[in-house]
Ligand SMILES: [Fe+2]
Ligand SMILES: [Fe+2]
């Protein structure tokens, strides 16, 4: 599909993520890392939110105002059918890398290094091959930026839409501007959902997690699907909110999501990986689970 379709547009589309409040989607990851640093006390939480960088506040102001139930349903319908074209895993990773480099020349850790570091940390901890692979590809859904999706529809903590917003969601006050506030049927704890009906019935704010779940679902074991789909769902995996929407199976699977999170957050400070030395391992790993090309 060289030169055609959305993936042929990397250079031209690189401006797509510049107009947002963050200089790049990577800036958000760095913010999350500092927000969830291991030594941080619960009491510091709200204070830290108030003193967060302006770009982060602006990002969440937009994200919380615009991620409505209707918006999410439309994005799900648009992306679930995987009509963006066929592409290999490495090709996707490289396109994403080019995009991040173009928009954020000063970043000291590229997306690819984050992929390697997360995966290497999982590998060193002795976890199974599917989990190493999951670490390697978990942020690949950020190719949404290549389609021109705005930052607020790609990154950020995710949260359910269609029911009341939990107090544990960061910058909760920004939901004031969300039009769903005027829909009382969406403002009860259950909203449109069944109690303990399972997360599969729940629509989360749209972003790179949900999209990559659609793309990789046929090829990965279920715990990997949960990690990919819910790794930004901090209100649940970090704060324990929305337990009443989960069923027993979700709770079991969330053990994996929680196990994964520290590797995503805290592997960034490790020494830079020797990419040339480890790339063959990852080539073999990717081809063990994925065919040469997959639908996007
Ligand atoms: Fe992510
Ligand atoms: Fe990540």
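Side notes on the structure shown:
- Scoring residue 272 on the criteria (1) surrounded by fewer than 15 Cβ atoms within 10 Å (Cβ to Cβ); (2) within 27 Å of residue 60 (Cα to Cα) leaves a single failure, condition (2).
- One residue stands out in region 155-168 among those that are at pLDDT 95 or above and crowded, with 18+ Cβ neighbours inside 10 Å: the one that is nearest to ligand 1 (Cβ to nearest atom), namely 158.
- Qualifying residue in region 230-238 (condition: more than 16 Å from ligand 2 (Cβ to nearest atom) and more than 21 Å from residue 296 (Cβ to Cβ)): yes
- Checked against the criteria, residue 242 does not count as surrounded by 15 or more Cβ atoms within 10 Å (Cβ to Cβ), within 16 Å of ligand 2 (Cβ to nearest atom) and under 21 Å from the mean Cα position of the chain (by Cα).
- Answer residue from region 86-96, given it is free of Cβ contacts under 8 Å to residues at least 60 places away in the same chain and surrounded by 16 or more Cβ atoms within 10 Å (Cβ to Cβ) and is farthest from residue 218 (Cα to Cα) among those: 96
- Among (1) touching a helix residue (DSSP H, G or I) at 6+ places or on another chain (Cβ under 6 Å); (2) under 26 Å from residue 138 (Cβ atoms), the one test that residue 200 misses: (1)
- Of the residues making up region 275-296, those that are surrounded by fewer than 13 Cβ atoms within 10 Å (Cβ to Cβ) and part of a loop (DSSP other than H, G, I, E, B) are 291, 292.
- Test: residue in region 71-85 that is buried (at least 24 other Cβ atoms within 10 Å of the Cβ) and either in contact (Cβ under 8 Å) with a residue 60 or more places away in the chain or within 14 Å of ligand 2 (Cβ to nearest atom) (or both): no
- Every residue from region 126-149 that is within 17 Å of residue 84 (Cβ to Cβ) and part of a loop (DSSP other than H, G, I, E, B): 148, 149
The values are calculated or read from the model by the stated rules, or taken from the named source; none is laboratory data. Quantities reported herein were computed from a predicted structural model and do not represent experimental measurements. Every residue, glycine as well, gets a Cβ built from its backbone with ideal geometry; the counts of neighbours run over all protein chains shown.
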